[in-house]
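These notes concern the structure reproduced below.
The values are calculated or read from the model by the stated rules, or taken from the named source; none is laboratory data. Everything numeric in this text was worked out from a predicted model, so none of it was measured. Positions of Cβ are backbone-derived with ideal geometry, glycine not excepted, and every protein chain shown enters the neighbour counts.
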Amino acid sequence: MAIQLNDRDHLIFKLIDEHEVLLEKHISWFIAGEDKPVLIRDRLRKLFYLDYLLCHRHGSKLPWWTTPTKPLVYMLSPMTRGLSGFADNQDELLANDFQRHHLEVANLRMLYLMAQKDQQICEFTWKTMKQERQSETALDAMASFNCGGSASRVGVVNNLRGDCSRTVLDKLSNSLAKENIEFILLISRDDADKTALQKSISEFGDALSAKCFFATHQELYRDGMVGTRWQLANGQQADLFKQGEVTFMPGIAGSQSIAV
C-alpha cells in the first residue's frame, strides 16, 4: 500500500532522528508547539506498517510509566534514514539503558512544552545534543526560554553519576562559555544520585558549582519545570523561574515518586 508522506511525517522523522527513540506522547507534544497535543497514533501505526518506523515495546518497566504495559518505543527504519539523509543509527539503539536515558531527555523537553502551554514560559527552543556533540560538551541538550520577561539559555544534563570523571566536569565548565549558556540543570533519577553529584561538583570548584542547579525527575514530574525548587551544589534551594531571576531559599526539599 502506497502512502503520500506529508510535512508532518517528515517532522516526525526529524524529531525521532534528533532524539534517537521517542514515545507517542513525546511526538504528540513536540509537533504541537504551543497548541494542544494532537492524536497521531493511527499515523504512527501506518508509518510503522509501511516500514518507515520501527516500533517495539521497551524491555523493562520505566518507573515513570503509568500504564501496566511497557511503552511502545518508536525509531527510524533504515529505509527512512536513507530517504531523509540521516546518518545510520547507533548500535545500542535497542539497549534498555540507552533507551531509558534518551526517553528521560525527551521527558524534560516535554515538561518545558507543558510549562509553555500553561503560559509559565514563552519563546521556548530546544536542541538535543547528538553523540558527537554530547561527548564534546557533556551536555544532553540546550534550551532557551523567556520567563517573567527575562530570557535564559541553559544546558541540560540527564542522570550524570556522582562518580563522573574530572574530564566530564571540565567539559561542563568549558561549555558555560563556549556554548553561551548561563547555567546548567542537572537532573538525577533519585535523591541519592543527586546528593552524590552535588558533592562531586562542589569538590570540583566554585566556578562550576555556582552555575549548576539540581533536581530529580520525580520532583520535576510532580511540580513541573517552573514549580520545582531546584538546589545548589550545597543543598540550598533556588527558585530559578521567579520573575526570571534566581531566588535562593533556605532548607532542602524532599521528593516523592510520581509519574507522567
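Tabulated values for the structure
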| quantity | calculated |
| --- | --- |
| Wholly enclosed strands (runs of 3 or more DSSP E) of the stretch 54-151 bearing at least 3 residues closer than 30 Å to SER175 by Cα and among the aliphatic types (A, V, I, L, M) | 141-147 |
| Test result for ALA95, over 29 Å from LYS117 (Cβ atoms) and either modelled with pLDDT of 95 or more or out of contact with any helix residue (DSSP H, G or I) (no Cβ under 6 Å at 6 or more places or on another chain) (or both) | yes |
| Members of the stretch 34-58 found to be surrounded by 12 or more Cβ atoms within 10 Å (Cβ to Cβ), more than 22 Å from ASP88 (Cα to Cα) and touching a residue at least 40 places away in the same chain (Cβ under 8 Å), listed by number | LYS46 |
| Count - residues of the stretch 142-157 that are more than 15 Å from ALA115 (Cβ to Cβ) and crowded, with 21+ Cβ neighbours inside 10 Å | 3 |
| Single condition LEU53 does not satisfy, out of (1) closer than 21 Å to ASP140 by Cα; (2) in contact with a Ser or Thr (Cβ under 7 Å, 6 or more places away or on another chain) | (1) |
| Residue in the stretch 72-111 that is surrounded by the fewest Cβ atoms within 10 Å (Cβ to Cβ), counting only those that are within 20 Å of ASP51 (Cα to Cα) and small (Gly, Ala, Ser) | GLY85 |
| Residue that is farthest from TYR112 (Cα to Cα) [pool: residues in the stretch 1-53 that are aliphatic (A, V, I, L, M), in a loop (DSSP other than H, G, I, E, B) and at pLDDT 90 or above] | LEU50 |
| Residue check, ALA192 more than 15 Å from LEU208 (Cα to Cα), of a type in the set (Gly, Ala, Ser) and over 19 Å from the mean Cα position of the chain (by Cα) | yes |
| Selected residue (criterion: surrounded by the fewest Cβ atoms within 10 Å (Cβ to Cβ)) from residues of the stretch 8-26 that are under 14 Å from ARG43 (Cα atoms) and in contact with a Leu (Cβ under 7 Å, 6 or more places away or on another chain) | GLU24 |
| Only one of ASP9, ASP17 that is touching a Lys or Arg at 6+ places or on another chain (Cβ under 8 Å) and either of a type in the set (A, V, I, L, M) or more than 25 Å from TRP64 (Cα to Cα) (or both) | ASP9 |
| Sole residue being small (Gly, Ala, Ser), at pLDDT 95 or above and farther than 24 Å from GLN120 by Cβ, chosen from SER209, SER188, SER175 | SER175 |
| Complete set of residues in the stretch 64-94 that are more than 13 Å from ILE12 (Cβ to Cβ) and touching a Lys or Arg at 6+ places or on another chain (Cβ under 8 Å) | THR69, LYS70, PRO71, LEU72, VAL73, ALA87, ASP88, ASN89 |
